[in-house]
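The values are calculated or read from the model by the stated rules, or taken from the named source; none is laboratory data. Everything numeric here is computed off the predicted structure, so don't read it as measured data. Backbone-built Cβ (ideal geometry, glycine too); neighbour counts: all protein chains shown. Please note that ligands, DNA and RNA were not included when accessible areas were found on the heavy atoms of the full protein model with its side chains. Shrake-Rupley method; radii C 1.70, N 1.55, O 1.52, S 1.80 Å.
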Amino acid sequence: MPEFREIGEKIRKKAMDMGMIHPQKDHTPSLEPGKIGYGFGYPITGLEKFLGYFDKQFNIAYFPSISYLTDFSVTYSACMYSSEPGSDTVCLDGKTDENYDRRSLKAINYLKNLYAIPGSLHFYLKREKRYGNAKGLGESASVAAAAARSVISTIFKEEWTDDIPFTSRLARLVSGSGTRSVAGSVSMWISYPWITESQSYAFPLDVNTERMYFCTYPLQADFPTENAHDIARSSPGYMGWVKEKFDRTLQYLETGYSLWDMAERSQKDMYSMHSLLMYSGSMVLNSSSLRLIEKLKKFREKNGGNIVYTADTGPSLSVISNDRKLLSQFTDANPGSISGKIPDQSEVKIPASFKRESEKYLSEVAGK
């Protein structure tokens, strides 16, 4: 384990020397009871997969990870500050969700202690999805990013959401993958054992995404995968996977980031990650995923390798190509996909309908 810390610090220093990582700025809260701030967040798909927390309290991962932003869904968040202590609330899609509630309240409590915030924070979040109840499409990252942006807009200043290190760090407190959702496009989350909590956040990578075409086949999970992080760590092959991650991250820093190389790597990394889960008998891919993979394999054999596939912790399968026509050829022959693009986060507007809906809900919460 100490060697991972040493390599991680070497990676972080090298990235800072190269001007890739920027330190976060100091911000001071400005508390105004009744003020409502808004935020948004998009999901991510892993290129260099992430699974397994070294420190579950602060959501510190064992190793750095890389992902790309998608528009398969979007989460909007409204946050209100109240002077009444100990009454924090979280509402997701019109109801309380035990999983997100647990993550959010842990993050809220740490944030309040960090900045000596005496009152309470109330969140109203809503996901808009381009699919049904599929699994493995990075929704937790979008929720974390949206919550982080809204709380900054509420207790700090809205323009400070442009401070990627600061916003990314706060998103991490809800979900590690939220760091990369904030950083956007194609980004890396710097994390390793014993990293200082305030230094673990994501930063964008300078890669050309113009010829990146992708889609996803949204699929429902056969069983829940909430414990995937713990399950993966229990595998005897986990630490070997961790070492490979550090080796590849160093290689990327030395040779540069090729988006297509990373996309091809993500296909192999999917199998490596899922093999860790299979050790405990957890099958993430289901029969629908496997049938699609067989079709993709045959398609690649016939048409060349300029199309790859990958999946995170869910059966949903993403397909990536650097040839738009080739991707269309596959999806036309295999219906059920949703086309995607990397969204421009600088152009996002919070819908007026969501503002009205959230303001009504939060005013009722404050009146209780």
Subset of the range 121-164, residues assigned to a strand (DSSP E or B) and touching a Cys at 6+ places or on another chain (Cβ under 8 Å), comes to L121, H122, F123, Y124, L125
F40: passes all of (1) part of a loop (DSSP other than H, G, I, E, B); (2) surrounded by 22 or more Cβ atoms within 10 Å (Cβ to Cβ) but (1)
Y76 - would you say it is in contact with a Lys or Arg (Cβ under 6 Å, 6 or more places away or on another chain) and at pLDDT 95 or above? yes
In the range 247-263, residues that are crowded, with 17+ Cβ neighbours inside 10 Å and out of contact with any Asp or Glu (no Cβ under 9 Å at 6 or more places or on another chain) total 3
Going through the range 277-303 in order, the residues found to be open to solvent by 30 Å² or more (accessible area, probe 1.4 Å) and either touching a Lys or Arg at 6+ places or on another chain (Cβ under 8 Å) or assigned to a loop (DSSP other than H, G, I, E, B) (or both) are Y279, S280, G281, M283
message = Please verify whether E364 is open to solvent by 10 Å² or more (accessible area, probe 1.4 Å), over 23 Å from D261 (Cβ atoms) and either among the β-branched types (V, I, T) or at pLDDT 95 or above (or both), treating the condition exactly as stated.
response = no
Original post:
Does the range 219-226 include one or more residues that are closer than 19 Å to S177 by Cα and either in contact (Cβ under 8 Å) with a residue 12 or more places away in the chain or in a helix (DSSP H, G or I) (or both)?
Top reply: yes
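Let's see how each residue does on (1) closer than 25 Å to A141 by Cα; (2) of a type in the set (S, T, Y); (3) touching a Gly at 6+ places or on another chain (Cβ under 6 Å):
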{"position": "P2", "(1), (2), (3)": "no, no, no"}
{"position": "I7", "(1), (2), (3)": "no, no, no"}
{"position": "K10", "(1), (2), (3)": "no, no, no"}
{"position": "M16", "(1), (2), (3)": "yes, no, no"}
{"position": "Q24", "(1), (2), (3)": "yes, no, no"}
{"position": "H27", "(1), (2), (3)": "yes, no, no"}
{"position": "Y38", "(1), (2), (3)": "yes, yes, no"}
Within the range 231-246, of all residues that are outside any loop (DSSP other than H, G, I, E, B) and open to solvent by less than 70 Å² (accessible area, probe 1.4 Å), the one farthest from E48 (Cα to Cα) is I231
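Within the range 44-51, identify whether any single residue is touching a His at 6+ places or on another chain (Cβ under 7 Å) and open to solvent by less than 30 Å² (accessible area, probe 1.4 Å), and answer yes or no.
Looking through the range 44-51, at least one residue is touching a His at 6+ places or on another chain (Cβ under 7 Å) and open to solvent by less than 30 Å² (accessible area, probe 1.4 Å).
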The residue that is most open to solvent (accessible area, probe 1.4 Å), considering only those in the range 313-351 that are under 26 Å from E48 (Cβ atoms), of a type in the set (G, A, S) and assigned to a loop (DSSP other than H, G, I, E, B), is S337
- Yes or no: I338 in contact (Cβ under 8 Å) with a residue 24 or more places away in the chain, in contact with a strand residue (DSSP E or B) (Cβ under 6 Å, 6 or more places away or on another chain) and within 19 Å of S142 (Cβ to Cβ)? yes
- Scan the range 235-258 and give yes if some residue there is within 24 Å of S73 (Cα to Cα) and among the hydrophobic types (A, V, I, L, M, F, W, C), otherwise no. no
Being closer than 23 Å to M270 by Cα and at pLDDT 95 or above narrows S185, S153, S200 down to just S185
Condition set part of a strand (DSSP E or B) and open to solvent by 10 Å² or more (accessible area, probe 1.4 Å), scope the range 52-67, selection farthest from F123 (Cα to Cα): answer is F54
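For residues in the range 187-211 being among the hydrophobic types (A, V, I, L, M, F, W, C) and assigned to a loop (DSSP other than H, G, I, E, B), which is surrounded by the most Cβ atoms within 10 Å (Cβ to Cβ)?
Result: I190.
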Filter the range 1-37 for residues that are touching an Asp or Glu at 6+ places or on another chain (Cβ under 7 Å) and of a type outside the set (S, T, N, Q); the one that is surrounded by the fewest Cβ atoms within 10 Å (Cβ to Cβ) is K25
